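The values are calculated or read from the model by the stated rules, or taken from the named source; none is laboratory data. Fair warning: this is a prediction, and the values are worked out from it, not measured in the lab. Note: ideal-geometry Cβ built from the backbone for every residue, glycine included; neighbour counts use all protein chains shown. In case anyone asks, the SASA skips ligands and DNA or RNA and just uses the protein heavy atoms, side chains included. Shrake-Rupley method; radii C 1.70, N 1.55, O 1.52, S 1.80 Å.
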Amino acid sequence: AGGVTIDGVLIKDGQVDGVDVSTLSVDTNGLVLLDTLTASDSASLTSDNFVDDSLYNSYKVVCEYILPATNNTNMLVTFRSGGASGADITGTYDGAKYRIGANTTANNTNYSDQAGTDYIEMAFGLRNPATTAQYSGTYDFFMNTTGKGFPHFVGQIVVNSATNSGDTYFWHLTGMRYASTVATGLKFYMGSGNITSGKIYIYGVKK
């Protein structure tokens, strides 16, 4: 009833030294799950204060089956500062992307010198029919918490066209806020309408 103590560590009722180990993140190949954001007709999804420059050199963001409420909209991201009391980092964001037809030769396009005020796009032309529209993708974020460099990301996604439902495109894209403001969080939202469903996982890449 009192548990078992081994080398000074108490194991009792599924806990190790009073910590429920079933709730701990699993470290797999240097990745540590830091936050999970779940959309349910959400205006935005925000994660603040997950950055720890002493432990992680970058952050991997995985979008899983994101479904927009509005057809032909873009998914946006804004860097945040201020730790637990986070606020959006405003101003001009910049980016570039390349689109390649996965099952079509049409519209292979380079988009350079893209800009947004207070945000940058991370997915484009999303559809909202639930059967085929849900998009998934991976991104590497670099958050410049020491004030060196600038916060930015590089991502890869595959998206079904909102205007030609049979066409699917591979996107390689980047986005940045070219300033030394220390970034400690992220906010995700749609250019129009809410996020109907889906999840966003944020992992720290261990040093």
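For the stretch 117-142, taking the residues that are more than 12 Å from the chain's Cα centre (by Cα) and within 22 Å of residue 82 (Cα to Cα), the one that is least open to solvent (accessible area, probe 1.4 Å) is identified as 120. Taking the stretch 70-80 as the range and being at pLDDT 95 or above and either more than 17 Å from the chain's Cα centre (by Cα) or not hydrophobic (A, V, I, L, M, F, W, C) (or both) as the test, the residues that pass are 78, 80.
Restricting the stretch 163-182 to residues that are within 24 Å of residue 87 (Cα to Cα), over 14 Å from the mean Cα position of the chain (by Cα) and among the small types (Gly, Ala, Ser) leaves a set whose member that is least open to solvent (accessible area, probe 1.4 Å) is 179.
Given 94, 52, 88, which one is open to solvent by less than 50 Å² (accessible area, probe 1.4 Å) and acidic (Asp, Glu)? Outline the logic, then answer.
Details: 52 fails: open to solvent by less than 50 Å² (accessible area, probe 1.4 Å); 88 fails: open to solvent by less than 50 Å² (accessible area, probe 1.4 Å).
Result: 94 is the single residue among 94, 52, 88 that is open to solvent by less than 50 Å² (accessible area, probe 1.4 Å) and acidic (Asp, Glu).
Within the stretch 97-116, track down each residue that is part of a strand (DSSP E or B), open to solvent by 80 Å² or more (accessible area, probe 1.4 Å) and hydroxyl-bearing (Ser, Thr, Tyr).
98
Within the stretch 121-143, residues that are not in a strand (DSSP E or B) sit with their Cβ atoms under 6 Å from residues that are not aliphatic (A, V, I, L, M), at 6+ positions apart or across chains, in these pairs: 127/71; 127/160; 128/68; 128/71; 132/160; 133/127; 134/65; 143/151. For beta carbons closer than 8 Å, sequence separation of 6+ or different chains, a first residue in the stretch 55-82 that is within 17 Å of residue 159 (Cα to Cα) and open to solvent by 10 Å² or more (accessible area, probe 1.4 Å) and a second that is part of a strand (DSSP E or B) and of a type in the set (Lys, Arg), the qualifying pairs are 64/199; 65/199.
Scoring residue 201 on the criteria (1) within 19 Å of residue 79 (Cβ to Cβ); (2) at pLDDT below 95 leaves a single failure, condition (2).
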